[in-house]
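The values are calculated or read from the model by the stated rules, or taken from the named source; none is laboratory data. Since we're looking at a predicted model, the values are computed, not measured. Note: ideal-geometry Cβ built from the backbone for every residue, glycine included; neighbour counts use all protein chains shown.
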């Protein structure tokens, strides 16, 4: 671990962050990678294999995974983390959120987005917690408006990130009720920056790399 974080790319320019599944990692099965791409380029300046979302608050989040390093003509993989910040106007990031599953069954992206967001002007947070019902630690994401939590995801991770939005997946906990026992059902959120109309001239899709490691 470095004693001081290093910045990737030019500090005066934002980078685009994409999270996709690829098959070019020497693996037969698709694997997830995160890539940082400068404006106007298709070539990534840095790549993180098997990225996991480990922390999220306001406009800042952490991805952890593996980075390929070349040492003495050999390629090795080392643990790495990126600390990223959305390059958005204002001091508090707000998001539109769509739920992508119904009773644990995934719906088509077209159907989800056409129904309109479940929540707007909301804040997203993610951290590691001890969940009493599960009896173990888990990554828990929440969506809040003002002081009320409206949505929660357990075992949450990032599924993909594109130019316009990103997707978090995990499980939604349904407590025991008169209709049946407690359940954990698959759930996902499509998340998109919720920028006031007056500020739409500012790009919604760019992310600024602040620090890493």
Residues (assigned to a loop (DSSP other than H, G, I, E, B) and crowded, with 17+ Cβ neighbours inside 10 Å) located in region 82-94 = 87, 88, 93, 94
What number goes with the only condition from (1) modelled with pLDDT of 90 or more; (2) surrounded by fewer than 19 Cβ atoms within 10 Å (Cβ to Cβ) that residue 141 does not pass?
-> (2)
In region 95-122, how many are crowded, with 19+ Cβ neighbours inside 10 Å and over 21 Å from residue 186 (Cα atoms)?
-> 2
Test residue 72 against the stated conditions and say whether it is farther than 19 Å from residue 157 by Cβ, at pLDDT below 90 and surrounded by 15 or more Cβ atoms within 10 Å (Cβ to Cβ).
-> no
Residue count for region 116-156, restricted to those that are within 17 Å of the chain's Cα centre (by Cα) and in contact (Cβ under 8 Å) with a residue 60 or more places away in the chain = 10
Return yes or no: is residue 132 under 30 Å from residue 22 (Cα atoms) and surrounded by fewer than 19 Cβ atoms within 10 Å (Cβ to Cβ)?
-> no
Residue 173 fails exactly one of (1) assigned to a strand (DSSP E or B); (2) within 25 Å of residue 194 (Cβ to Cβ), namely (2)
